[in-house]
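These notes are about the structure you will find just below.
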Amino acid sequence: MYIKPGSMLGMLGGGQLGRMFAMAAQQMGYRVTVLDPAAESPAGSIAERHLQADYLDAQALHELGTTCAAITIEFENVPAQALRTLAQRCVVSPDADSVSIAQNRILEKEFLAGNNFPVGPFIVIHNAQDIHQIDPALFPAILKINQFGYDGKGQIRIDKAEDLPEAFSNLGNRPCVLEKRLPLDREISVILARDRLNQITFFPIPENRHEQGILDTSIIPATLSDEITAKACELAGQIASKLNYIGILCVEFFVLEDGRILINEIAPRPHNSGHYSLNACITSQFEQQVRMLCGLPHGSTRLIQPAVMTNILGDLWKNGEPAWNEILRHPQAKLHLYGKRAAKPSRKMGHFTVLAETIEEALQHTQRIRQDLQR
């Protein structure tokens, strides 16, 4: 299967990941239709067409499926049924089965544990009665809502068992996963591309640092032993193959203080921690997403230079729009803004990436930029 440039591609979701996909697709000669219920969206504002409708709207799905050669997603909470419906009319990747697992923490944990992938101790809580059967040894822990949690939302850190009932109530008494908090050395992510022939390419592994549950900075390449690097890529590749996954997949890992690596979660799409690839790799994760969707050969993922990627949150707008020249006066820094109309605290408004000869130099420039932006 080969979808030629000039064809129309479909995107479910209008956020920044869809925007960057559309830019990559248009650069390669494709056209893009975005289906998103919002009147204005980062992706919808630059796509050739924007269908403003619910993701399960029958007429919109019919139009998308009959006018697009292939369709993908930009976030995992697109209803899996929409993908099943579209797959009757055109190429859809990733498929509904993969997405239905990744968008549901319970199914995701059970898939990983059931296939003997390394995960930390956890237990599923379906209702308040389950709380009384939990081993106190699981604490300290973190309680995560089963669906629709992201960027630290829908998660509560719990130090002792007595605090669990209140936390479960605060999350609406909805199904959750309770995970034991472990002594971490660092967090990393493996972003890969898999095609229909089971050929897999990996992007350089970033080390990810979070603030209040939101990715703050990714450092590339992560300083890892060859053994951990190889093991993380091996596990991520096995997950993609087990899911029969086609497209871009991110697997987030915990690296423990004792050197073990455990899988945190999977994301069936390009990932925030892979945004560095727009400037620091020969092929970005978004171009690779287009390639996988259209049956094209893999692009090289070779790292051109070490890099540090930093998210720009809406908190920076507290004194008005930031002075972007504080970033752009650094010639090795690249600014990406997502075209969002309203800046809100904790909302991802953009990112910047600093490239340098060494990680240390990139971190130094990044720190200076952060300080200047805070003034």
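General observations
- Residue count, the range 194-218 (criterion: more than 18 Å from Asn311 (Cβ to Cβ) and outside any loop (DSSP other than H, G, I, E, B)): 4
- Only residues that are in a strand (DSSP E or B) and either within 16 Å of Ile142 (Cβ to Cβ) or free of Cβ contacts under 8 Å to residues at least 24 places away in the same chain (or both) were counted across the range 168-193, and they come to 7.
- Any hit, the range 14-25, residues being surrounded by fewer than 17 Cβ atoms within 10 Å (Cβ to Cβ), under 29 Å from Arg174 (Cα atoms) and out of contact with any strand residue (DSSP E or B) (no Cβ under 6 Å at 6 or more places or on another chain): no
- Where strands (runs of 3 or more DSSP E) sit wholly within the range 93-167, those with at least 3 residues that are more than 18 Å from the chain's Cα centre (by Cα) and free of Cβ contacts under 8 Å to residues at least 40 places away in the same chain occupy 155-158.
Here's the yes/no breakdown for (1) assigned to a loop (DSSP other than H, G, I, E, B); (2) open to solvent by less than 40 Å² (accessible area, probe 1.4 Å); (3) touching a Leu at 6+ places or on another chain (Cβ under 6 Å):
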{"position": "Gln288", "(1), (2), (3)": "no, yes, no"}
{"position": "Ser300", "(1), (2), (3)": "yes, no, no"}
{"position": "Val308", "(1), (2), (3)": "no, yes, yes"}
{"position": "Ile312", "(1), (2), (3)": "no, yes, no"}
{"position": "Pro331", "(1), (2), (3)": "yes, no, no"}
{"position": "Lys334", "(1), (2), (3)": "no, no, no"}
{"position": "His351", "(1), (2), (3)": "no, yes, no"}
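- In the range 319-329, the residues that are surrounded by fewer than 19 Cβ atoms within 10 Å (Cβ to Cβ) and either assigned to a loop (DSSP other than H, G, I, E, B) or in contact with a strand residue (DSSP E or B) (Cβ under 9 Å, 6 or more places away or on another chain) (or both): Asn319, Glu321, Ala323, Trp324, Leu328, Arg329
- Just one residue in the set Glu63, Glu76 is assigned to a loop (DSSP other than H, G, I, E, B) and buried (at least 16 other Cβ atoms within 10 Å of the Cβ); that residue is Glu76.
- Some residue of the range 133-147 being open to solvent by less than 60 Å² (accessible area, probe 1.4 Å) and polar (S, T, N, Q): yes
- Residue among Arg89, Arg84 that is basic (Lys, Arg) and outside any helix (DSSP H, G or I): Arg89
- Subset of the range 26-36 (residues that are assigned to a strand (DSSP E or B) and either small (Gly, Ala, Ser) or open to solvent by less than 20 Å² (accessible area, probe 1.4 Å) (or both)): Val32, Thr33, Val34, Leu35
Conditions tested, residue by residue: (1) more than 24 Å from Arg291 (Cα to Cα); (2) among the charged types (D, E, K, R); (3) open to solvent by 10 Å² or more (accessible area, probe 1.4 Å).
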residue: Ala38; (1), (2), (3): yes, no, yes
residue: Arg49; (1), (2), (3): no, yes, yes
residue: Asp57; (1), (2), (3): yes, yes, yes
residue: Arg89; (1), (2), (3): no, yes, yes
residue: Val92; (1), (2), (3): no, no, yes
residue: Ile101; (1), (2), (3): no, no, yes
residue: Asn115; (1), (2), (3): yes, no, yes
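- Verdict on Tyr276 being among the aromatic types (Phe, Trp, Tyr), crowded, with 22+ Cβ neighbours inside 10 Å and under 12 Å from Ile191 (Cα atoms): yes
- Positions within the range 1-36 being at pLDDT 95 or above, touching a Lys or Arg at 6+ places or on another chain (Cβ under 8 Å) and of a type in the set (A, V, I, L, M, F, W, C), in sequence order: Met8, Leu9, Leu17, Ala25, Val32, Val34
The values are calculated or read from the model by the stated rules, or taken from the named source; none is laboratory data. Just so you know, these numbers come straight off a predicted model, no measurement behind them. Here the Cβ is made from the backbone with ideal geometry for all residues, glycine too, and neighbour counts use every protein chain on show. Side chains are part of the model used for accessible areas, which takes the heavy atoms of the whole protein and leaves out ligands, DNA and RNA. Shrake-Rupley method; radii C 1.70, N 1.55, O 1.52, S 1.80 Å.
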